[in-house]
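Take a look at the structure below.
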Amino acid sequence: GILSIATVIGRAALAEGLQLKQAEVHGMSQRGGDVQSNLRISSSAIHADLIPRGEADLIVSLEPMEALRYLPWLAPDGWVITNTVPVVNIPDYPDAEALQRELDSLPHAVTLDTDALARAAASPRSANMALLGAAAPLLGIDAAKLESGIRAIFARKGGQVVETNLAAFRAGYEAAQKQTKP
């Protein structure tokens, strides 16, 4: 999921000659915990791997409640890119409509049903790559380098897996173009 997204972005950033620091938390997501990756990317030296509160340019989330959970880290002009399909894995999960209203109230958000985009691209398991595609216009990294990263991390799974992940990425990219004006 999110760790594959981080790997692709990291590869693409390095291919662009950018500096990169990354920190990950591998929680038990199936029990309500989180899995997160902090990526700091810059053209100059980076001295810390964690993103301070209020300074994230992007929050990219596979799940709407998780996107909202990290809003304290978002910069005032930052963007939230999230899947709209909730993963109801705790008994007191918030109402999906309330979550969507909260997301809709944000000044800069791309909200997409990345599960449906992945299914339409004939790859139901590639919602993460559709989400990466939705984030791509805001990353400031050449989309071709992101596609190269997708090829690299999925190559061992075969050409068909690579192509379906690329199709999901492109579907997310096209869908996000309708919601973003950086």
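The values are calculated or read from the model by the stated rules, or taken from the named source; none is laboratory data. This is a predicted model, so every value here is computed, not measured. Here the Cβ positions follow ideal geometry from the backbone for every residue, glycine too, while neighbour counts run over all protein chains shown. Please note that ligands, DNA and RNA were not included when accessible areas were found on the heavy atoms of the full protein model with its side chains. Shrake-Rupley method; radii C 1.70, N 1.55, O 1.52, S 1.80 Å.
Got at least one residue in region 119-131 being open to solvent by 20 Å² or more (accessible area, probe 1.4 Å), among the charged types (D, E, K, R) and without any contact (Cβ under 8 Å) to a residue 60 or more places away in the chain?
Looking through region 119-131, at least one residue is open to solvent by 20 Å² or more (accessible area, probe 1.4 Å), among the charged types (D, E, K, R) and without any contact (Cβ under 8 Å) to a residue 60 or more places away in the chain.
Given the conditions (1) in contact with a Lys or Arg (Cβ under 9 Å, 6 or more places away or on another chain); (2) loosely packed, with under 14 Cβ neighbours inside 10 Å, report the number of the one that Asp77 does not fulfil.
The single condition Asp77 does not satisfy is (1).
Say whether the condition of being closer than 29 Å to Ala15 by Cα, among the hydroxyl-bearing types (Ser, Thr, Tyr) and over 15 Å from the mean Cα position of the chain (by Cα) is met by at least one residue in region 81-102.
No, region 81-102 has no match at all.
Please go through region 57-74 and give me each residue that is open to solvent by 30 Å² or more (accessible area, probe 1.4 Å), touching a residue at least 40 places away in the same chain (Cβ under 8 Å) and over 11 Å from the mean Cα position of the chain (by Cα), ordered by number.
Hit for region 57-74 is Asp57, nothing else.
Collect the residues in region 75-89 that are closer than 20 Å to Gly1 by Cβ, without any contact (Cβ under 8 Å) to a residue 40 or more places away in the chain and outside any loop (DSSP other than H, G, I, E, B), keeping them in residue-number order.
Passing the criteria: only Val80.
List the number of the failed condition for Lys21; all other conditions in (1) more than 18 Å from Leu146 (Cα to Cα); (2) open to solvent by 70 Å² or more (accessible area, probe 1.4 Å); (3) modelled with pLDDT under 85 hold.
The one condition Lys21 does not meet is (1).
Would you confirm, using the coordinates I've provided, whether Ile150 is open to solvent by less than 60 Å² (accessible area, probe 1.4 Å) and in a loop (DSSP other than H, G, I, E, B)?
It is false that Ile150 is open to solvent by less than 60 Å² (accessible area, probe 1.4 Å) and in a loop (DSSP other than H, G, I, E, B).
Quick one: in region 91-105, of everything that is farther than 20 Å from Pro72 by Cα and assigned to a helix (DSSP H, G or I), which residue is modelled with the lowest pLDDT?
Checked region 91-105; the qualifying residue modelled with the lowest pLDDT is Ala96.
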